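Reviewing the structure listed below.
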Amino acid sequence: MQIHPEASLLIAGQAPGNLVNLSGRPFTDPSGDRLRDWMGISSDIFYDASRVAIVPMGFCFPGYTPKGADKPPRKECALTWREQMLTYLPKIRTTLLIGGYAQKWHLEDGFKGRVTDTVENWRAYAPRHFVLPHPSWRNNAWLKRHSWFETDLLPELRRAVQSALA
């Protein structure tokens, strides 16, 4: 997590993965490299807490499912502290909602029930919110099947990120 009251961009993810849990710094893995590429920003900007806040739905690595995927974030985390945490971020202009847990919490009734359906409807939320799949390698097939993500959504995401950080 990184938080600063001057931040103008919020990344709302799921929960730290095992590599990130070990490093103690969010998105210090290939998913973070892909996310920064999607956003069109450097690591220096990404890790500048006065510009970019990173507040996941859960703060701890939740472990693995039997199939090797990360378990969902623990429900009590967001219930206990999320609303209070967001009050410390009064200058957020754009929020990136990564994955279904963040999308469901932030969008409430606007969440379409599935990440794909929500991301396909991204224009309804932009530029205040950008709904994204997780940048994990596990979503490579999804990204190939949905070429509009790269051609349509990513250019708009990059413009919104630049605008929020200006």
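Data overview
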{"item": "Whichever aspartates and glutamates have a C-alpha closer than 20 Å to that of LYS71, once near sequence neighbours (fewer than 8 apart) are set aside", "result": "ASP29"}
{"item": "Heavy-atom surface of the chain, accessible at 1.4 Å and reported per residue (Å²)", "result": "53 Å²"}
{"item": "Those lysines that a straight Cα-Cα span of less than 19 Å connects to LYS112, excepting residues fewer than 8 apart in one chain", "result": "LYS104"}
{"item": "Size of charge dipole - the chain - debye, nearest 20, with Cβ of Lys, Arg +1 and Asp, Glu -1, no other charges", "result": "240 debye"}
{"item": "For the chain, share of DSSP beta bridges that run antiparallel, in % to the nearest 5", "result": "15 percent"}
{"item": "Modelled FRET efficiency - R0 25 Å, THR151 with ASP117, Cβ distances, 0.05 increments", "result": "0.85"}
{"item": "Low-density loop positions, GluC sites (Glu not before Pro), the range 1-107 - DSSP coil, at most 12 other Cβ in 10 Å", "result": "GLU6"}
{"item": "Whole-percent carbon and sulfur share, accessible surface of the chain, 1.4 Å", "result": "51 percent"}
{"item": "Reported label for calculated mean projected area of the Cα convex hull in nm² given (1) 13.7; (2) 9.0; (3) 10.4", "result": "(2)"}
{"item": "Nitroxide proxy distance, nm - points 7 Å out along Cα→Cβ at TRP81 and ALA126", "result": "3.3 nm"}
{"item": "Neighbour cut-off at most 13 other Cβ (10 Å), DSSP loop, chymotrypsin sites (Phe, Trp or Tyr not before Pro), the range 66-155", "result": "TYR88"}
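The values are calculated or read from the model by the stated rules, or taken from the named source; none is laboratory data. Small disclaimer: the values here were computed from a predicted structure and weren't measured. Here the Cβ is made from the backbone with ideal geometry for all residues, glycine too, and neighbour counts use every protein chain on show. Please note that ligands, DNA and RNA were not included when accessible areas were found on the heavy atoms of the full protein model with its side chains. Shrake-Rupley method; radii C 1.70, N 1.55, O 1.52, S 1.80 Å.
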